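S.K.: There's a structure below that I have some questions on.
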Amino acid sequence: MPSGSSAPTYRSGDSSVQATSTMAAAETRGTALDFLRHLAMEVSNGTVDLPCFPDVVLRIRHALADPRTTLDKTVAIVGNEPRLAARLLQTANSAAFNTSGKPLTDLRSAITRLGQQLVQSAAMAFAVRQMKNAESLRAIAKPLGELWKDCISVASVSQALARRTKVSPDEAFLTGLLHGIGRLYILVRTADNAAEFSSDPVFIELVADWHGSIGKAVLENWGFAEEMCNAVGDQDDYERRWVHDSELSDVLTASVALAATLRNPSAGPVAIDQITAFHHIGLTVADCALILANAKIHMSSLHDALGA
């Protein structure tokens, strides 16, 4: 991070020591805040600059968002990228999504089996794999992989939780998978300073405050449904007022909180009485335990299917 003028010093014994701790923290916070504001303004103005993100993933997104798009067109778009086509076939034949046990060998059948939301989920998994393997992003390959594992965990919990509501489980799954898109965007844009930012507690704290709004803006630019964009933007709002019955925002907020216990079981159960989403959906502590148990059962197969 850039620094300002030389900091003052004070004497300690025979040596001079810089009195910089408070000033450096303030400067770091200001620099980090300026950087995140710049990213937020950038995406809010319609510019999404995500290096190494495959264009084909967005072409699929725009095609599926258009009700005039035929299955033939979707097959053609996917077929033009053999690696993505292979990923979709692998996902469709995985234990997580092939409940019939019948293997598929053609792309059309794979896309039909998965459906729109899961096709986009598999495409996102393909994108993350491409980004992890990019030479220019090698410095963030490990945190990118860790973030993706977290996204799969939240997606699994979201799917299990949605089955107790009127929200589509596949829509909830995709929303859970994309809940970390703001963090991914910030992570990729800081790749050149990965060592500095990854260990900076001030920056980490600010990312926690900003990733939701940045993620929402990215998804809006990519043409995702308003409900999904709002859910990603609202995911950390534990006091959000109820708007509709068991809406997607509640499902995602509750799922993010529950999935955190999968990563850190020693933290104990989620304080559901402090998060309004649990009240909106009507979940009890016993319900949460069952949802987590259900999600854990499918976690391994989901990592096999979507692991990047």
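The values are calculated or read from the model by the stated rules, or taken from the named source; none is laboratory data. None of the values given here were measured: they were computed from a predicted structure. With ideal geometry, Cβ positions are generated from the backbone for all residues, glycine too; neighbour counts draw on all protein chains shown.
S.K.: How many residues are of a type in the set (S, T, N, Q) and in contact with a Cys (Cβ under 9 Å, 6 or more places away or on another chain) when one looks only at segment 94-132?
M.R.: 1
S.K.: So, one more: Would you confirm, using the coordinates I've provided, whether Arg61 is touching a helix residue (DSSP H, G or I) at 6+ places or on another chain (Cβ under 9 Å), free of Cβ contacts under 8 Å to residues at least 60 places away in the same chain, in a helix (DSSP H, G or I) and not polar (S, T, N, Q)? Give the steps one after another, and end with the answer.
M.R.: Details: touching a helix residue (DSSP H, G or I) at 6+ places or on another chain (Cβ under 9 Å): yes; free of Cβ contacts under 8 Å to residues at least 60 places away in the same chain: no; in a helix (DSSP H, G or I): yes; not polar (S, T, N, Q): yes.
So Arg61 fails the test.
S.K.: Within segment 74-90, identify whether any single residue is in contact with a Ser or Thr (Cβ under 6 Å, 6 or more places away or on another chain) and not aromatic (Phe, Trp, Tyr), and answer yes or no.
M.R.: The answer is no, given that none of the residues of segment 74-90 is in contact with a Ser or Thr (Cβ under 6 Å, 6 or more places away or on another chain) and not aromatic (Phe, Trp, Tyr).
S.K.: Exactly one condition in (1) surrounded by 23 or more Cβ atoms within 10 Å (Cβ to Cβ); (2) under 24 Å from His62 (Cβ atoms); (3) of a type in the set (S, T, N, Q) is false for Gln159; which is it?
M.R.: Only one criterion in (1) surrounded by 23 or more Cβ atoms within 10 Å (Cβ to Cβ); (2) under 24 Å from His62 (Cβ atoms); (3) of a type in the set (S, T, N, Q) is unmet by Gln159, namely (2).
S.K.: Are any residues in segment 67-89 exposed (fewer than 13 other Cβ atoms within 10 Å of the Cβ) and part of a loop (DSSP other than H, G, I, E, B), and if so, which ones?
M.R.: Matches in segment 67-89: Pro67, Arg68, Thr70, Asn80.
S.K.: Let me ask something else about it. Answer yes or no: is there a residue in segment 244-259 that is under 19 Å from Leu36 (Cα atoms), outside any loop (DSSP other than H, G, I, E, B), in contact with a helix residue (DSSP H, G or I) (Cβ under 8 Å, 6 or more places away or on another chain) and hydroxyl-bearing (Ser, Thr, Tyr).
M.R.: Scanning segment 244-259, I find no residue that is under 19 Å from Leu36 (Cα atoms), outside any loop (DSSP other than H, G, I, E, B), in contact with a helix residue (DSSP H, G or I) (Cβ under 8 Å, 6 or more places away or on another chain) and hydroxyl-bearing (Ser, Thr, Tyr), so the answer is no.
S.K.: With Ala110, Ala92, Ala123, Ala127 as the choices, which residue is over 23 Å from the mean Cα position of the chain (by Cα) and crowded, with 19+ Cβ neighbours inside 10 Å?
M.R.: Result of the check over Ala110, Ala92, Ala123, Ala127: Ala110.
S.K.: Can you list residue pairs whose Cβ atoms sit under 6 Å apart, with the first residue in segment 269-293 being assigned by TED's automatic domain parsing to the domain that holds Lys166 and of a type in the set (Phe, Trp, Tyr) and the second being in a helix (DSSP H, G or I) and surrounded by 21 or more Cβ atoms within 10 Å (Cβ to Cβ)? Count only pairs 6 or more apart in sequence or on different chains.
M.R.: Phe278/Ala254
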